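Throughout, read-outs are computed from the coordinates displayed, never taken from laboratory work. The structure displayed is predicted, hence computed values, not measured ones. Note that each Cβ is placed from the backbone with ideal geometry, even for glycine, and that neighbours are counted across all protein chains shown.
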Amino acid sequence: MAMNQASLAKFEDRVNAGGVLAYNATLIDTPPKRGDVRIVKIPANEIATELGNPQVANMVAAGGLVTALGIISLDSL
């Protein structure tokens, strides 16, 4: 999960073809351009602020990623 533009730039190429690239759409102005991965756009900071607690952006991101991947339930998370 890339939480900012610098992280996306550094790690985007490390995602294997066919993998999942999730990013924080609130803080990343230039989204990933890869066509060989599934891209998941999560406005983590925006949602956290709407919830009244900007400090939980990482938990919002985790919930979005878990939901997108469908590997465990939100209750288990």
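Quick one: what pairs do we get from the stretch 3-26, first residue closer than 18 Å to LYS41 by Cβ, second part of a loop (DSSP other than H, G, I, E, B) and hydroxyl-bearing (Ser, Thr, Tyr), C-beta under 9 Å, 6+ apart or different chains? Every condition considered, the pairs that remain are GLN5/THR30; LEU8/THR30; ALA9/THR30. Scanning the stretch 32-59 for residues that are surrounded by 12 or more Cβ atoms within 10 Å (Cβ to Cβ) and either without any contact (Cβ under 8 Å) to a residue 12 or more places away in the chain or over 22 Å from LYS10 (Cα atoms) (or both) gives GLU46, ILE47, ALA48, THR49, LEU51, PRO54, VAL56, MET59.
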